[in-house]
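Student: If you scroll down you'll find the structure; I have some questions about it.
No lab work stands behind these numbers, since they all come straight from the coordinates. Everything numeric here is computed off the predicted structure, so don't read it as measured data. Every residue, glycine as well, gets a Cβ built from its backbone with ideal geometry; the counts of neighbours run over all protein chains shown.
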Amino acid sequence: MSEVLPLQAESCVETRGLQMTYGEGLAAVEAIRNMDLTVQQGEFVCILGPSGSGKSTLLHLLAGLQQPTSGQIYVCGAAIHAMSLDQAARWRRRNLGMIHQFFNLIPTLSIVQNIALPLLLEGRRLHQVRPRVEQLLDELGIAGRRDHELEQLSGGEMQRVAIARALVAQPRLILADEPTGNLDSRTSGEIMDLFRRLNSDHGLTLVVITHERNIAECASRIVELRDGRVESDGPVAAS
């Protein structure tokens, strides 16, 4: 099992000398270049950058979906870089909530089953986790849709189901990859407002990937990437 060794006591995410290279020789592409990054517990950080800047690669590395070429990754104290992909998958299911642009919901499952899925995969029974699912349905404003088919939901409602699934195991960290990229501007604003409430009311740490500056400005801090490097890193000015 991977060691548990956070580099800083109050950090939730830390990378040190992180490198991700695809290919070899003249065909090599450096997606992440010697990156040092720290996200403190309770922060709401947006990773901003254009296509090809390395932001999605960074998210995949933090989640343990890929193994880095070199460097260290610590998430909630776990040494992700030292895990096999199978170990990372088990750790991710228990400790991390992930939200995707295209929701990644399973159409053959009900809304309740989709939300409960991380706990069901851990061997829990649906009746055991139903109270937690119902709580999230209420908190996210979709309780009235619990008995609908997924195809009957709007994009914003489907994203709320995906957010509920990410929250069901009560993770310490949420990673979101372009969570508003498939939504209209009004619904995007509603989702970002929801993220802000999760951060401010529950102290949840959020790292959100986006290519839209107006979305990034909903966070408390923006880390801007370009060509696999941190180009700027600072707080969002209060409006």
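Student: I'd like to know how the range 151-207 sits against the 2.2 N^0.38 Å rule of thumb: what's its Cα Rg over that expected value?
Tutor: Cα-based Rg divided by the globular estimate yields 1.10.
Student: Now, a different point. Mind jotting down the distance between the C-alpha centroids of the range 123-164 and the range 23-67, whole Å?
Tutor: What the calculation gives is 31 Å, centre to centre.
Student: A further question on this structure: On a full-extension model of 0.36 nm per residue, what is the gain between Ser51 and Asn104, subtracting their alpha-carbon distance, rounded to one decimal in nm?
Tutor: 17.0 nm
Student: At 7 Å along the Cα-to-beta-carbon direction for both Asp184 and Arg94, put a label point, then send me their distance in nm to one decimal.
Tutor: 4.3 nm
Student: Another question, then. For the range 103-138, which trypsin sites (Lys or Arg not before Pro) are in a loop by DSSP, counting at most 12 other Cβ atoms within 10 Å?
Tutor: Of the trypsin sites (Lys or Arg not before Pro), the ones in loops of the range 103-138 whose Cβ has at most 12 other Cβ atoms within 10 Å are Arg125.
Student: Could you give the semi-axes, largest first, of the ellipsoid that matches the range 100-237, computed as the square roots of 5 times the alpha carbon gyration tensor eigenvalues and rounded to whole Å?
Tutor: Ellipsoid half-lengths, sorted descending, are 28, 16, 14 Å.
Student: Still on this structure: Using only the Cα atoms, work out Rg/Rh for the range 163-239, with Rh taken as the Kirkwood radius, to two decimals.
Tutor: Rounded to two decimals, Rg over Rh is 0.96.
Student: If neighbour count is taken as other Cβ atoms inside 10 Å, put Asp147, Asp177 in order from fewest to most. Intermediate results must be reported in sequence, preceding the final value.
Tutor: On the way: Asp147 9, Asp177 21.
By the 10 Å Cβ count, ascending, the order reads Asp147, Asp177.
Student: For the chain, evaluate the Debye formula with one uniform point scatterer on each Cα (no solvent term) and list log10 I(q)/I(0) at q = 0.12, 0.14, 0.18 Å⁻¹, rounded to two decimals.
Tutor: Log10 of I(q)/I(0), two decimals: -0.67, -0.92, -1.42.
Student: Simple spin-label model, 7 Å along Cα-to-Cβ: Tyr22 to Gln135 in nm?
Tutor: In this crude spin-label approximation the distance works out to 4.0 nm.
Student: Counting helices only, and only those DSSP H runs with n ≥ 4, report the 222 nm mean residue ellipticity of the chain as the sum of -39,500 (n - 2.57) divided by its residues, in deg cm²/dmol to the nearest 500.
Tutor: The helix contribution divided over the chain gives -10000 deg cm²/dmol.
Student: What's the Kirkwood radius of the range 1-116 in Å, using all Cα pairs?
Tutor: In the range 1-116 this quantity evaluates to 15.5 Å.
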